[in-house]
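Engineer: Structure below; questions to follow.
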Amino acid sequence: MNLVNQIAKSLLQPLLAILVGLAAGAVAIMIVGGSVVDTYAEMWKGAFGSFYFFTNTLARATPIILIGLGVALAFRAGFFNLGAEGQLILGGLSAALTALHVPGPGWLKLTLAIIAGIIAAGIWSAFAGWLDTRFRMNLLITTLLLNYIAVYFASYMVSHPFMDRTGSAAMAQTPMVENAAWLPKLFQGMSVHAGFLFAMIGTILLFLYIRYTVSGYEVRMLGGNPLFASYGGVRRGRLMLISMFVSGGLAGLAGAAEVLGTQYRFIDGSLSAPGYAWSGIMATLLASSHPIGTALAALLLAALQTGGMGVERNTDVPLEISSLIQAVLILFVSARISYSFIKNRKKARAAADGSST
Amino acid sequence: MLLQMKGITKAYGGVIANKHVDFSLKKGEVHALVGENGAGKTTLMRILYGMETPTDGSITLNGKPLQFSSPADAIANGIGMVHQHFMLYPSFTIAENIVIGREPRRFGFINQFRAISEVAELSRQYGMPVDPRRVIGDCSLGVQQRVEILKVLHQGAEIIILDEPTGVLTPLEVKELLESVRRLARSGKSFIIITHKLQEVMDVADRITVLRDGEVTGAVDASGTNVDELSRLMVGRDLVNLQRKEQTPGQPILELEGITLAGSGSKPVLDHINLSVHAGEIVGIAGISGNGQSELLQVISGLAKPDAGALRLQGKDIKDASVRQIREQGLAHIPEDRYQWGVAKEATVADNGLMGHTDRYTKYGLIKGGKVREMVRGWVERFSIKTGSLDTKAQHLSGGNLQKLIVARELEHRSPFLIAAEPTRGVDVGAMEVIHGELLKRRDDGGAVLLVSSELTEVLKLSDRILVMYEGRIVGETRAEEASEERISLWMAGGKRQ
C-alpha cells in the first residue's frame, strides 16, 4: 500500500512532464505541417513497432541506464556528478585498449576489458571526489571540466599512438577488437547485447543497495542532510570517494559495453555524439534518482530517440522533433530542481539565522 | 468584545486540530493561549491570521462577521502577527525592516529620511527604544523582537499575536518585553500570546485560554488561577515534582583543559575552556546563546577541531578522533538545533532513528530492518511520539515530537557521557517532564551529562554544578545549592567572576 503510494507519487511528475512534452511536440508537428497522429504513430513504430526496433531501443537504452544509475547514486549522496561524459569515454577507451593489447583467450580479454573500463572511469570520478574532500573544490565544476580533459585525451590517443593504421581510411579510431572478445548479442541479428543484462542487474543491485545496506543508508542520510550525517558519525570523505568511484565505474561500464558490444573498437566521438551521458543525467533527474525509475526513464528517452529516427525515415517531420520533446522534458525537470533548490536555500538561510541567534 | 471566535473546528483529513473552540479578546487585554505541542494553538492563530480556512465556526471582529483569506487581509483589518522565528532582513536597517511593504517613497525610491523619522516617532510613541539606522544583523535578539513588534504596529495593528515570543530572549530581555506588552495594552492595543511558559503567562496575561488536544479545557482570569492549575489543564493530570537525590559524583568522564578555538574574528570563539563532567553528575552550562556554547559542543563531539588544549573522554585523548570514534568511546549527543543537526527531514522516522545505531543493527552490511523498527516503535510508545507511522517523513512531525524522537535515539546508546543541548526546546510540559526525568535517571545511574540550555530554569532544576559562558569563556561556576538566578543572570550578561 505504502510502496504503491510511493511509486505512484514518484511517477506523477515524470508522467506529467512527458505529457507536456508530447503536447509541445504536437504543436511543433502542426507548425511544420505534419500530422500529429501519423507522426506519433511512426514514433511508436520506430521505438517499439517490431521486435527489431524494440531491441534497437533496448540497445540504445543500455548505456543510458548504466550512466543514469551512476549519476543517481551520486545524487542520492548529494554529489552533483556531471562527469558522466568523460567517465564514459575513458571507460570505453580503456576497455578497447585492454581488449586489444592484453594477451590471452577471448573471454579473459573481455572480462579484463570490462574491469579496466570500470576502474579507469571510477578513478577518474573518484579523483574529482578527492579534489573536493582534500581541497574543497566544487564537485560540480571539477566533474564538468574533467570531461574536456577525458574527451581530448581519448581523441589524442586514438588519433596518434593507438590509431588504426591498417585500413586506407585514416579514421580516428582503434583497430577492431578480435571476435572472441566481443560481448555476445542477446538475439541473433539484433543490436541488443549482453550489456543490457548488466544494466538490468545493476538497476536491481543499486535499488537493493540504497534501500537495505548500511552504506546505502549512509548515502541517503548524507544526501538528505550532510550535517546530520556528520553528527551521526558518517565518514563523508570515505563515502564520497566510494560513491564517486562506483558512480564513475557505472559510466565506465557503459562505455566498455558500447565498445565491446556494439562498435568493437573505440571510435573518436562515437560515444559523445549520441548524447548518452546527458540522456543518463536526464533520466536520473526525471526519476528523482530512484534506481528503477531511472531505468524506466532511460528506456523512455531511448525510445524517444529511436522513435525520432523512425519519424525521420517515414514522414516529412524531421528527427529534431525528438530533441524538442526531450528539451521540454528537461525544462520541466529543471523547473522542479530550481524550485527545490530555492526551497533548500531558504531552509539553509533559516538554519543559519537560527544558529546565529 | 473586540474579537470573537466561535465554534472553530479545523480538520486535516481525519485529524482534528481544533474542535469547537471558542476564543474571545477584549480591547486592551493580554490574552494568553497556552497548551502543549499539537494542542491546536498555532492552528487557531493561523485561522485568525488568514493562513488557514476553518472547517466550521465563525469569526467576528468589532461585531462584524469576517473571514480572512490571507495574512494581507488580516493585516488590513488590524491584526498583526510576530512569528516565533523572526522574519527580518539581517543586512537591512531597522527602519527599512519596519517600513517594508509600506515604504515612504520619493520619485520611486524609498525615502530614507521619512522612513527613519517615522520609525523614530513610532519608537517614541510606544516607548520601545530602537536606533532606526542600525543594521538588524548587529542587533541583539531582544532588539529584533522589538523591531518585529514595531513592524506590526507600523502596519496599523490593533490586535497583535505573539507566537512563543520569549524563546530566544535573555531573562532581562524577557522582562523588558513583558513590560512593553503591558504598556501597549494599557494604551489600547490587544495581545494574544501563544506560549508554554506558565510563569510568564501569570506575569503578563489578563486572561488565559488553555487548549488540550484541540479543545478548550479552561478559560480563566489570571488573577484566579496559578501555575499548578494551568499545567493540570494543559496536561490533564498532575505533574510529578522531580527531585534530585543527593549523590557524590564519581570518576571524571569528560575533561577539557585549555580548549581554544580561533574562529574567524580577532577574538577566539572558545578561550581556554577548562571543565570536567564526572560520573553521576549533571553539569549545566548557562549563557545567552551565541557565546560559544555551540562551538564547545562541536569540539567535544568531534565536529570541529580545537586549535589548542586537551580533550579526554573516559581517560582517552579524543582531540583528534573522528565523530564516529568519539561516539564509540562513549558519547551520545542531543543536538541543540534539531533541524540542522538532528534529523534528515526527508527521511522517515525509522531512518532517522537508526542514525548512530547502525553498528548494532547490521549483518553482512545489511540493515536489520525489523529489529530497527522494533526499537523505534518502542520509543514511539515510551515517549508517546505522535507520528502517522514509522515511515512518516520526519518533516511531518511537530517540533516537540521530533525532539522526543531525537532524545530517545540518543538515550538508547546508554553511553557513559551524554550531551544534552537545549533538550526541551519547543517541547510541551508533559514531554519536558519525561525528558527531564530521563536525564536525571541517567545521572542517578552513574552517567555524566553535560547540559547546555538557554532556559535558566532548566539549568537550575537539573544541574549539580552550573557554569556560565560569556564570549567564549567560562565566567562563573557555582554549585546548584548555592546558585541564585540573580547571580547567574549577571554572569550571563558579562558581569565579572566574583
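The values are calculated or read from the model by the stated rules, or taken from the named source; none is laboratory data. Treat the numbers as computed from the prediction; the structure is a model and nothing was measured. Ideal geometry is used to build each Cβ from the backbone, glycine not excepted, and the neighbour counts take in all protein chains shown. Protein only, heavy atoms only, side chains kept; ligands, DNA and RNA dropped before computing areas. Shrake-Rupley method; radii C 1.70, N 1.55, O 1.52, S 1.80 Å.
Engineer: Gap in Å between the Cα centre of region B:255-330 and the Cα centre of region B:385-441?
Structural biologist: 23
Engineer: Further, regarding this structure: In Å³ and rounded to a whole number, note down the convex hull volume per residue for the Cα atoms of region B:99-182. Working shown, then result.
Structural biologist: Details: hull volume 8.5 nm³, N = 84.
That works out to 101 Å³ per residue.
Engineer: Translational diffusion coefficient, Stokes-Einstein: compute it for region B:24-157 using the Kirkwood radius over C-alpha pairs as Rh, at 25 °C and 0.890 mPa s, and state it as an integer in µm² s⁻¹. Could the numbers behind the result be given before it?
Structural biologist: Working: Rh = 16.5 Å.
Value of D from the Cα-based Kirkwood radius: 149 µm²/s.
Engineer: How many Å² of accessible area per residue for chain A, probe 1.4 Å?
Structural biologist: Working: 16170 Å² over 357 residues.
Per residue, chain A has an accessible area of 45 Å².
Engineer: Along the positive direction of the dipole of region B:253-399 (beta-carbon charges: Lys, Arg +1; Asp, Glu -1; about the Cα centre), which of B:Met355, B:Ala321, B:Leu331 reaches farthest?
Structural biologist: B:Met355
Engineer: Once you keep just the Cα pairs under 8 angstrom separated by 6 or more residues, what percentage relative contact order results for region B:180-335?
Structural biologist: It comes to 15 percent, rounded to a whole number.
Engineer: Pulled fully out, how much extra length does the chain show between A:Phe48 and A:Arg211, if you take 0.36 nm times their separation in residues and subtract their Cα-Cα distance?
Structural biologist: Contour length minus the Cα-Cα distance gives 55.5 nm.
Engineer: Enter the per residue convex hull volume of chain A, computed from alpha-carbon coordinates, in Å³ rounded to the nearest integer. Spell out each step's value before the answer.
Structural biologist: Details: hull volume 58.6 nm³, N = 357.
Hull volume normalised by residue count: 164 Å³.
Engineer: While we're on this one: How big is the convex hull of the Cα atoms of region A:214-331, per residue, in Å³? Could you put the intermediate results ahead of the total?
Structural biologist: On the way: hull volume 15.5 nm³, N = 118.
It is 131 Å³ per residue.
Engineer: Additional query: For A:Trp130, A:Trp182, A:Trp44, what's the largest-to-smallest order of accessible area, 1.4 Å probe? Kindly include the intermediate steps, with their values, before the conclusion.
Structural biologist: Details: A:Trp130 105, A:Trp182 70, A:Trp44 160 Å².
So, going from the largest accessible area down, we get A:Trp44, A:Trp130, A:Trp182.
Engineer: Treating only the Cβ of Lys, Arg, Asp and Glu as charged (+1, +1, -1, -1), what charge dipole size does chain A show about its Cα centre? Round to the nearest 20 debye. Numbers along the way, then the final one.
Structural biologist: Values: 22 positive and 13 negative charges, 270 e Å.
For chain A, the charge dipole is close to 1300 debye.
Engineer: On the full set of protein chains, 1.4 Å probe, figure out the accessible area of A:Glu312 and give it in Å² to the nearest 10.
Structural biologist: 90
Engineer: If you add up the charges near A:Val102, with Lys and Arg at +1 and Asp and Glu at -1, over every other residue whose beta carbon is less than 12 angstrom from its beta carbon, what do you get?
Structural biologist: Surrounding charge for A:Val102 is 0.
Engineer: Using the Kirkwood radius over Cα pairs, work out the Stokes-Einstein diffusion coefficient for region A:165-243 at 25 °C and 0.890 mPa s, in µm²/s as a whole number. Please report the intermediate quantities before stating the final value.
Structural biologist: Numbers: Rh = 16.7 Å.
The calculation lands on 147 µm²/s.
Engineer: Let me know the charge dipole size of the protein assembly as shown about its Cα centre in debye, to the nearest 20, where only the beta-carbon of Lys, Arg (+1) and Asp, Glu (-1) is charged. If you can, show how the numbers build up before the last one.
Structural biologist: Values: 83 positive and 76 negative charges, 154 e Å.
The calculation lands at about 740 debye.
Engineer: Counting only Cα atoms, I'd like the Rg/Rh figure for region B:210-369, Kirkwood definition for Rh.
Structural biologist: Working: Rg = 21.4 Å, Rh = 19.8 Å.
That ratio is 1.08, to two decimals.
Engineer: What accessible area, summed over both chains, is buried at the B-A interface (1.4 Å probe, Å², nearest 100)?
Structural biologist: Details: alone 22590 and 17460 Å², together 37560 Å².
Between B and A, the summed buried area is about 2500 Å².
Engineer: Also: Of B:Gly137, B:Ser484, B:Pro54, which is farthest towards the positive pole of chain B's charge dipole, taken about the Cα centre with +1 and -1 on the beta-carbons of Lys, Arg and Asp, Glu respectively?
Structural biologist: B:Pro54
Engineer: R0 = 56 Å: FRET efficiency of B:Arg134 with B:Asp445, Cβ-based, nearest 0.05? Spell out each step's value before the answer.
Structural biologist: Numbers: r = 50 Å, r/R0 = 0.89.
Calculated value: 0.65.
Engineer: In vacuum, with every alpha carbon of region B:350-498 counted as one equal point scatterer, what does the Debye formula give for log10 I(q)/I(0) at q = 0.19, 0.21 Å⁻¹? Two decimals, please.
Structural biologist: Each listed q maps to, in turn, -1.13, -1.28.
Engineer: Need one word for region A:87-236: rounded, prolate or oblate. Basis is the Cα gyration tensor (sqrt eigenvalues a ≥ b ≥ c); a/c below 1.5 gives rounded, then a/b vs b/c decides. Please report the intermediate quantities before stating the final value.
Structural biologist: Details: a/c = 2.93, a/b = 1.58, b/c = 1.85.
Note, shape of region A:87-236 comes out oblate.
Engineer: Please report, in Å, the Rg and the Dmax of region B:261-326, where both are computed over Cα atoms only.
Structural biologist: Rg, Dmax (Cα atoms, Å): 12.3, 38.
Engineer: So how far, in whole Å, is the C-alpha centre of region B:114-176 from the one of region A:165-189?
Structural biologist: 77
Engineer: Based on a Kirkwood Rh over C-alpha pairs, give the Stokes-Einstein translational diffusion coefficient of chain B at 37 °C and viscosity 0.692 mPa s in µm²/s.
Structural biologist: Reported coefficient: 134 µm²/s.
Engineer: Next up: Based on DSSP H assignment, which helices of chain A show an axial Cα extent of at least 24 Å together with a mean Kyte-Doolittle hydropathy greater than or equal to -1.0? Before the final figure, lay out each step's value.
Structural biologist: Details: long enough: A:2-31 (44 Å, 1.63); A:51-76 (35 Å, 1.27); A:84-101 (25 Å, 0.99); A:106-135 (43 Å, 1.19); A:139-159 (30 Å, 1.63); A:195-212 (25 Å, 1.79); A:236-258 (33 Å, 0.94); A:291-314 (34 Å, 0.79); A:320-356 (52 Å, 0.33).
The answer, listed by residue number, is A:2-31, A:51-76, A:84-101, A:106-135, A:139-159, A:195-212, A:236-258, A:291-314, A:320-356.
Engineer: Hey, got the dipole for region A:145-269? About the Cα centre, +1 on K and R Cβ, -1 on D and E Cβ, debye to the nearest 20?
Structural biologist: Computed charge dipole of region A:145-269: roughly 440 debye.
Engineer: Over the Cα atoms of region B:186-270, each weighted equally, I'd like the Debye log10 I(q)/I(0) at q = 0.10, 0.16, 0.18, 0.26 Å⁻¹, rounded to two decimals.
Structural biologist: Debye curve over Cα of region B:186-270, log10 I(q)/I(0) at q = 0.10, 0.16, 0.18, 0.26 Å⁻¹: -0.57, -0.73, -0.80, -1.39.
Engineer: Now for a separate question. Quick check on packing: order A:291-302, A:27-38, B:96-107 by the mean number of other C-beta atoms within 10 Å, highest mean leading.
Structural biologist: Working: A:291-302: 24.6, A:27-38: 13.8, B:96-107: 16.4.
Result, highest mean Cβ count within 10 Å first: A:291-302, B:96-107, A:27-38.
Engineer: Run a plain Debye calculation on the protein assembly as shown (Cα atoms as equal point scatterers, no solvent) and give log10 I(q)/I(0) at q = 0.09, 0.10 Å⁻¹, rounded to two decimals, same order as the q list.
Structural biologist: Values, matching the q order: -1.02, -1.16.
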